[in-house]
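S.K.: What follows is a single structure, and I will ask about it in a moment.
Nothing in this text is a laboratory measurement; each read-out follows from the coordinates by a stated rule. Model, not experiment: these values are computed from the prediction. So basically every Cβ, Gly included, is an ideal-geometry build from the backbone, and we count neighbours across all protein chains shown.
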């Protein structure tokens, strides 16, 4: 399988109070946690950074959203426009406990025509998903119709929903939106959790 990975990092961080991608978790920025995971999955990694570039190493390929102000679907569209592989995995910049095990399970369930998305105990996780790159026209159509919700698009495209509802997966999908969210996982020991 030819795979690229796009880290979606263009959010405004309004609830966090400062750019959360640069917030530190255990000595590394949230964006660095995401990039470390992305690089374990593919050599083809890009960061969809919204209107402003992030302070990253020069070797990291960053792309501003081609269509501004439409949320994460804008990052997905931007990544698909430049994707040179058959498949595109997308990941959020604010789930530092995500693991390769999550994406391996998604990749094991890919087929030719439909996205694959994680279904956690809290529901669909649209930014933890894998897409056939050939679906870019569908993404463009949704944006043109001002339909920016990824959950709606995933349902329209009959995405395979892959369950991660067992207790061992719960923390993997912990999303950092506020300083309190970050604090809640500071003492979590991922080495005690599988996979």
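S.K.: Among the residues that make up the stretch 185-192, is at least one of them crowded, with 17+ Cβ neighbours inside 10 Å and outside any loop (DSSP other than H, G, I, E, B)?
M.R.: So far as the stretch 185-192 goes, no, none of its residues is crowded, with 17+ Cβ neighbours inside 10 Å and outside any loop (DSSP other than H, G, I, E, B).
S.K.: In the stretch 96-113, how many residues are assigned to a loop (DSSP other than H, G, I, E, B) and either out of contact with any helix residue (DSSP H, G or I) (no Cβ under 6 Å at 6 or more places or on another chain) or surrounded by fewer than 21 Cβ atoms within 10 Å (Cβ to Cβ) (or both)?
M.R.: Result for the stretch 96-113: 8.
S.K.: Does any residue of the stretch 30-46 turn out to be farther than 24 Å from residue 106 by Cβ and in contact with a helix residue (DSSP H, G or I) (Cβ under 7 Å, 6 or more places away or on another chain)?
M.R.: no
S.K.: Considering only residues that are out of contact with any strand residue (DSSP E or B) (no Cβ under 8 Å at 6 or more places or on another chain) and surrounded by 15 or more Cβ atoms within 10 Å (Cβ to Cβ), which ones fall in the stretch 154-176?
M.R.: Passing the criteria: 157, 171, 174.
S.K.: Something else now. Please specify each residue of the stretch 125-136 satisfying the condition of being free of Cβ contacts under 8 Å to residues at least 60 places away in the same chain and closer than 16 Å to residue 70 by Cα.
M.R.: Within the stretch 125-136, 126, 136 qualify.
S.K.: Before we move on, is residue 57 surrounded by fewer than 14 Cβ atoms within 10 Å (Cβ to Cβ) and either outside any helix (DSSP H, G or I) or at negative phi (or both)?
M.R.: yes
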